[in-house]
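Colleague: Here it is, the structure, as structure tokens.
The values are calculated or read from the model by the stated rules, or taken from the named source; none is laboratory data. Please read these numbers as outputs of a predicted model, since none were measured by experiment. Here Cβ is always computed from backbone atoms with ideal geometry, including for glycine, and neighbour counts include all displayed protein chains. Only protein heavy atoms, including side chains, enter the accessible area calculation; ligands, DNA and RNA are left aside. Shrake-Rupley method; radii C 1.70, N 1.55, O 1.52, S 1.80 Å.
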Amino acid sequence: MRWIDLRSDTVTRPTPEMREAMARAEVGDDVYMEDPTVNRLQDRAAELFGREAALFVPSGTMGNSICVKLHTEPGQEVVIEQNGHLYNYEMASMAVISGALARPVPSEGGLVTWTDLERAICLKSPFRAQTTLICLENTHNMAGGAVLSKARMREICDRAHAAGLRIHLDGARIFNASVALGESVAELTRPFDSVMFCLSKGLGAPVGSMIVGSSALMDRGRRVRKMLGGGMRQAGVLAAAGLVALERMTGRLREDHENAQLLARGLAEIEGIDIDPERVRTNILIFDLFHSGMDAQQLSDRLKQRGVLANAINPRQMRMVTHYDVSREDCLEALAALRQAVEAGRH
Ligand code: TLP
């Protein structure tokens with residue numbers, strides 16, 4: 001059976017060009033920093049982000065974990081939007097690896113403001129742990145791929161720095177934000193102390209993420225990566241796919257956004273499903289099916305019977321993510337399956 005897999009953009013398989021680049025990759029031992037392909041990928045990422053250095057890491061989770069560790073001491077606080085990935089979906093890494101306490105803050109639709117964050121910051125107190133780090137996420141996964149504007153990020157970074165805080169960006173999907181905003185990733189991320197972005201989501205690489213920042217920070221990051229078991233050896237076979245991802249796959253993200261729009265508009269027409277297509281700006285859509293009388297797991301099961309995979313994120317909400325391996329035709333097919341599944345649920 002050929003699945004239409006809308007569970008995540010992590011499910012993409014490497015393109016033929018990636019496979020070829022992987023087969024041909026020149027390699028060396030990256031723990032000795034002697035893998036020419038990893039070095040090229042790191043140089044290229046640093047260049048694209050206008051930074052001194054970049055570090056190739058096995059996953060987004062490890063990239064975020066390294067950055068939190070670099071910016072905090074045990075017993076300090078990290079302020080983060082309450083639905084942030086780093087707080088909710090990284091196995092409490094912040095607490096376990098860094099000994100840091102997450103201080104989650106609510107926001108309107110995931111689009112956190114300085115005012116939201118400021119309330120939670122504690123610089124000096126005889127009782128409370130000191131805040132030293134703020135983490136932002138752009139695009140915001142669990143806010144349905146919501147996009148923080150350049151101006152908003154700039155304001156938050158400037159104010160955080162003025163307060164003596166450091167600021168990290170979980171930019172797993174920063175290229176989606178870049179396409180949606182029409183701004184380069186360098187421009188968007190310049191004021192952050194560190195940025196993590198993923199090669200293995202919308203960009204289609206099989207494995208890998210990057211962190212970027214100053215040379216001094218990345219040197220320390222390399223040591224933390226080793227400590228966490230992320231020192232890879234002939235990782236050039238993976239980096240080769242990452243280079244193809246960076247050079248060839250960023251421009252086409254627009255198609256994923258258009259397909260997400262198509263899905264959102266179709267979904268909005270199905271009775272019992274609530275979604276505002278205007279709020280879908282990138283490749284993630286989250287919709288509510290409370291009024292359909294079905295719970296999200298039931299709908300997920302019914303869709304599966306019709307060849308469509310999508311995850312329930314709670315009993316009344318579902319998430320769909322568009323990517324390189326789903327076409328416009330697939331999205332139309334998925335919509336037909338959704339209509340049938342919701343209709344069947346009514347009987
Ligand atoms: N997100 C995955 C799941 O973990 C939910 C997905 O399917 O969307 N930051 C953000 C914003 C992410 O969305 C993810 C993965 C990560 C970090 C972690 O990246 P990996 O999976 O490479 O560790």
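Colleague: With springs only between Cα atoms under 10 Å, which of 308, 321, 147 fluctuates most in a Gaussian network model of the chain?
Modeller: 308
Colleague: So, one more: Output wanted: per-residue J couplings in Hz (rounded whole) for region 109-118, from phi through Karplus 6.51 cos²θ - 1.76 cosθ + 1.60, θ = phi - 60°, x for Gly and Pro.
Modeller: x, x, 8, 5, 10, 4, 4, 4, 6, 4
Colleague: Something else: Quick one: with all protein chains in place, what share of the accessible area of the chain is carbon or sulfur, to the nearest percent (1.4 Å probe)?
Modeller: 48
Colleague: I would also like to ask the following. Along the charge dipole of region 14-248, which of 37, 127, 84 sits closest to the positive end, that is, farthest toward it, with unit charges on the beta carbon of Lys, Arg, Asp and Glu (+1, +1, -1, -1)?
Modeller: Comparing the listed Cα positions along the dipole, 127 ranks first.
Colleague: Quick one: dipole size for the chain, taken about the Cα centre, charges +1 on Lys/Arg Cβ and -1 on Asp/Glu Cβ, in debye to the nearest 20.
Modeller: Charge dipole, the chain, about its Cα centre: 520 debye, nearest 20.
Colleague: Mind checking which aspartates and glutamates have their Cα closer than 17 Å to the Cα of residue 150? Skip sequence neighbours fewer than 8 apart in that chain.
Modeller: Cα-Cα hits under 17 Å: 137, 158, 170, 183, 187, 193.
Colleague: Given only helices, namely DSSP H runs of n ≥ 4 each adding -39500 (n - 2.57), what is the per-residue ellipticity at 222 nm of the chain, to the nearest 500 deg cm²/dmol?
Modeller: -12500 deg cm²/dmol
Colleague: Summing +1 for each Lys or Arg and -1 for each Asp or Glu, what net charge is found among the other residues whose Cβ lies under 12 Å from the Cβ of residue 209?
Modeller: +2
Colleague: Given a 10 angstrom Cα cut-off, can you work out which residue in 213, 99, 202 is the most mobile in a GNM of the chain?
Modeller: Looking only at 213, 99, 202, the biggest GNM fluctuation is shown by 99.
Colleague: Would you please classify the overall shape of region 214-288 from the alpha carbon gyration tensor, given that a ≥ b ≥ c denote the square roots of the eigenvalues, rounded means a/c under 1.5, and beyond that prolate means a/b larger than b/c while oblate covers the rest?
Modeller: Here region 214-288 falls in the prolate category.
Colleague: How charged is the neighbourhood of residue 316? Take every other residue with its Cβ under 11 Å from the Cβ of residue 316, and add Lys/Arg as +1 and Asp/Glu as -1.
Modeller: Around residue 316, the charge tally is -3.
Colleague: Give me the extension gain from residue 152 to residue 216: residue separation times 0.36 nm, minus the current Cα-Cα distance, reported in nm with one decimal.
Modeller: Contour length minus the Cα-Cα distance gives 20.3 nm.
Colleague: Residue by residue through region 279-286, which ³J(HN,Hα) values in whole Hz follow from phi under the Karplus form 6.51 cos²θ - 1.76 cosθ + 1.60 (θ = phi - 60°), with glycine and proline marked x?
Modeller: Whole-Hz 3J(HN,Hα) from phi for region 279-286: 8, 8, 10, 10, 10, 10, 10, 10.
Colleague: Using the C-alpha gyration tensor of region 14-248, what are the square roots of 5 times its eigenvalues, in whole angstrom, with the largest one first?
Modeller: Each semi-axis is the square root of five times an eigenvalue, giving 30, 20, 14 Å.
Colleague: Still on this structure, please answer the following. Relative to the first principal axis of the alpha-carbon coordinates of the chain, what is the inclination of helix 328-346, with its axis defined by its Cα atoms, in degrees from 0 to 90 and to the nearest 10?
Modeller: 60
Colleague: Which of the aspartates and glutamates could a cross-linker span from residue 304 if the Cα-Cα distance has to be under 12 Å and same-chain partners fewer than 8 positions apart are dropped?
Modeller: Once the sequence-local aspartates and glutamates are set aside, what remains near residue 304 is 5.
Colleague: Under a 10 Å cutoff between Cα atoms, tell me which one of 179, 31, 280 has the largest fluctuation in the Gaussian network model of the chain.
Modeller: 31
Colleague: Starting from the amide H of residue 313, placed 1.01 Å from N in the peptide plane, find each other amide H under 5 Å away whose residue is 5 or more places distant or on another chain.
Modeller: 318, 319
Colleague: Residue 124: which lysines have alpha carbons under 27 Å from its alpha carbon, excluding same-chain residues fewer than 8 sequence positions away?
Modeller: Partners within reach: 69.
Colleague: Let me ask something else. Rounded if a/c is under 1.5, else prolate if a/b beats b/c, else oblate: with a ≥ b ≥ c from the C-alpha gyration tensor eigenvalues square-rooted, which is region 165-275?
Modeller: prolate
Colleague: In region 325-347, which residues have a backbone nitrogen under 19 Å from the label point lying 7 Å from residue 298's Cα in the Cα-to-Cβ direction?
Modeller: 337-347
Colleague: Let me ask something else about it. What does the accessible area of residue 193 come to, in Å² to the nearest 10, when a probe of 1.4 Å is used?
Modeller: Counting only protein heavy atoms, residue 193 exposes about 50 Å² to solvent.
Colleague: Still on this structure, I have one more. Using only alpha carbon pairs under 8 Å that are at least six residues apart, calculate the relative contact order of the chain and give it in whole percent.
Modeller: The normalised contact order for the chain reaches 25 percent.
Colleague: Something else about it: Leaving out ligands and nucleic acids, and using a 1.4 Å probe, what accessible area per residue does region 14-248 come to in Å²?
Modeller: Working: 9480 Å² over 235 residues.
Per residue, region 14-248 has an accessible area of 40 Å².
Colleague: With a Förster radius of 56 Å, plug the Cβ-Cβ distance of residue 184 and residue 127 into 1/(1 + (r/R0)^6) and report the FRET value to the nearest 0.05.
Modeller: Numbers: r = 43 Å, r/R0 = 0.78.
Approximately 0.80, to the nearest 0.05.
Colleague: Using the alpha-carbon centroid of each, what span in Å lies between region 280-347 and region 3-19?
Modeller: Cα centres, region 280-347 to region 3-19: 18 Å.
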